[in-house]
Amino acid sequence: PSPPAAVVGAGLGGSAVAYFLQQHFGPQVQLDVFEPAGVGGRLATVTVNKQQYESRGASIHALSLHMQDFVKILGLKHRREVAGKSAIFSGEHFVLEETDWYLLNLFRLWWHYGISFLRLQMWVEEVMEKFMRIYKYQAHGYAFSSLEELLRSLGGDAFINMTQRSVAESLLEVGVTQRFVDDVIAAVLRSSYGQSVLVPAFAGAMSLAGAQGSTWAVEGGNKLVCSGLLKLTKANIIPARVMGISLHSSEGRALYQVHYEGSEGQGSAFYDMVVVTTPLHPSRSNFTFENFEPPITDFPGAFQPSVTSVVHGYLNSSYFGFPDPKLFPFASILTTDTPDLFFNAMDNICPVNISAAFRRKQPQEAAVWRVFSQQPLDKQQLKTLFRSYYSVQVTEWQAYPRYDAAKSLPPIVLHENLFYLSGIEWVASSMEMIAVAAKNVALLAYNRWHQDLEKIDQKDLMHKVKTEL
């Protein structure tokens, strides 16, 4: 019989792991999902003028096979792309501007940075090609009990090494120039992780793959994937915050008591299996683990605070060197790592539902801009970016791991049938990484439950998978 299982958190990780657990254990698996805030987690939207806009996790890379699958299974659609140009701003001038002409863009990159951007592309492609092996392994039912094992099976020690050293160091080593790193790589990492070129090479490669590939989003909002997967699995959603987990044993098997607090007060329930998909860092949770021997210890590292301001207003184009707003050509602005720059990136965003007639606002019209920054913007900073504005909606959240602070990767297995999903974000953070981790945890849970050790942490998987075909 399949075990009663609890999933802590109903963001993408929780929804995906519930879906994959049901796929592997079968439809009779009992699934309770604990979520105090609302399904979707960080995939949230804000409303401006009766229209909804993504406030956070916005774009999905074309090679995100699990996300592509979810959208197909759930009958969702890709949101229509509305083209827009980007540029990189240094606080004083634009160091790089995109044009409508693909060839001219290439020429400009070439002219400014020589062969650096080709070397960057080759480096990112090599990482992605190896990373894509995960889909083959997972299709064959293979799982990994630690992030190190997972990385090693994809890219050997080189991948492990890439979690320990910076993206700047790795790129300089393959012949990318310092100037390209400072202008372009820094801007991409600031806009995706809100951090510098000191993030580890692996997290950096994933972010750069997203920046140079084609990306997409879900019509109606990316959070529809979460609610869709939970509906599909018919999971029982319990609107409560999990306070802790204590270990009991029954007939020689581990039994986990999940303690929670909801509007009805406190309660608890017993499960054979638990997957925690919310971060277990002291700054993010005050989770307690009781009766575990050895104790489940503290999780090192910290999270990077990040602020999203969704502003409905008139862009102050003269700050960017365009006194006439009609001539301002960019829909998104990335920034270099300059001390006095108070924002990481900003873009003119489209609603989550885009009609066929939709067009982007002209630069002189009031538009909805999303500004990413480390600290909330003060009145003066808003005045710098906008001539005037109707509304500002601010979301502060601990978005990403502080990558420079992490020395070791968090565990996946906390106890026999107690798993931790969010650790994957210390390797790299994106919707697809979380989906990959969810599939891995579901396979790991299934293989361990059925004692199928041949499917866990196998060496030389490339060879095994080839011979299985």
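Here are some notes:
- Relative contact order for the stretch 380-469, counting Cα pairs under 8 Å that sit 6 or more residues apart, in percent: 17
- Protection-proxy order for peptides 307-313, 100-106, 127-133, each taking the mean of Cβ atoms within 10 Å per residue, highest first: 307-313, 127-133, 100-106
- R0 of 30 Å, Cβ-Cβ distance residue 231-residue 416: FRET efficiency to nearest 0.05: 0.50
- Each peptide in 240-246, 190-196 gets a packing score, the mean of other Cβ atoms within 10 Å over its residues, and the list from highest to lowest is 190-196, 240-246.
- Prolate/oblate/rounded label for the stretch 198-243 (Cα gyration tensor, a/c 1.5): oblate
- Share of carbon and sulfur in the accessible area of the stretch 366-432 stands at 49%, probe radius 1.4 Å.
- Annotation: lysines with alpha-carbon distance below 25 angstrom to residue 234 (same-chain offsets under eight excluded): 72, 77, 223, 439.
- The packing ranking of peptides 345-352, 72-79, highest mean first, is 345-352, 72-79, where packing means the average number of other beta carbon atoms within 10 angstrom of each residue.
- Loop trypsin sites (Lys or Arg not before Pro), the stretch 282-363, which have at most 11 other Cβ atoms in a 10 Å radius of their Cβ (DSSP): 359
- Using C-alpha pairs below 8 Å separated by at least 6 residues, the relative contact order for the chain is 25 percent.
- For the stretch 333-377, chymotrypsin sites (Phe, Trp or Tyr not before Pro) meeting the loop criterion (DSSP other than H, G, I, E, B) and having at most 13 other Cβ atoms within 10 Å: 358.
- Ligands, DNA and RNA left out, the accessible area of the stretch 147-212 computed with a 1.4 Å probe is 52% carbon and sulfur.
- The distance linking the stretch 165-229 with the stretch 357-411 is 17 Å (Cα centroid to Cα centroid, whole angstrom).
- Acute angle (nearest 10 degrees) that the helix 116-131 long axis makes with the longest principal axis of the chain, alpha-carbon atoms: 20
- Surface share of carbon and sulfur [accessible, 1.4 angstrom probe, percent] for the stretch 65-143: 58
- The stretch 4-85 pair-distance distribution - Cα-Cα, 10 Å bins, rounded %: 14, 39, 33, 11, 2, 0
- Relative contact order for the stretch 288-410, counting Cα pairs under 8 Å that sit 6 or more residues apart, in percent: 45
- Estimated FRET transfer efficiency when R0 is 41 angstrom, pair residue 450-residue 393 (beta carbons, to 0.05): 0.30
- Per residue, the accessible area of the stretch 1-54 comes to 36 Å² when a 1.4 Å probe rolls over the protein heavy atoms.
- Solvent-accessible area per residue in the stretch 56-190 equals 49 Å², computed with a 1.4 angstrom probe and all protein chains kept.
- Per residue, in Å², the accessible surface of the stretch 266-308 once ligands and nucleic acids are set aside, probe 1.4 Å: 49
- Bridge type composition, the chain - antiparallel percent by DSSP, nearest 5: 70
The values are calculated or read from the model by the stated rules, or taken from the named source; none is laboratory data. Quick caveat: nothing in here was measured; it's all calculated off a predicted structure. Note: ideal-geometry Cβ built from the backbone for every residue, glycine included; neighbour counts use all protein chains shown. Side chains are part of the model used for accessible areas, which takes the heavy atoms of the whole protein and leaves out ligands, DNA and RNA. Shrake-Rupley method; radii C 1.70, N 1.55, O 1.52, S 1.80 Å.
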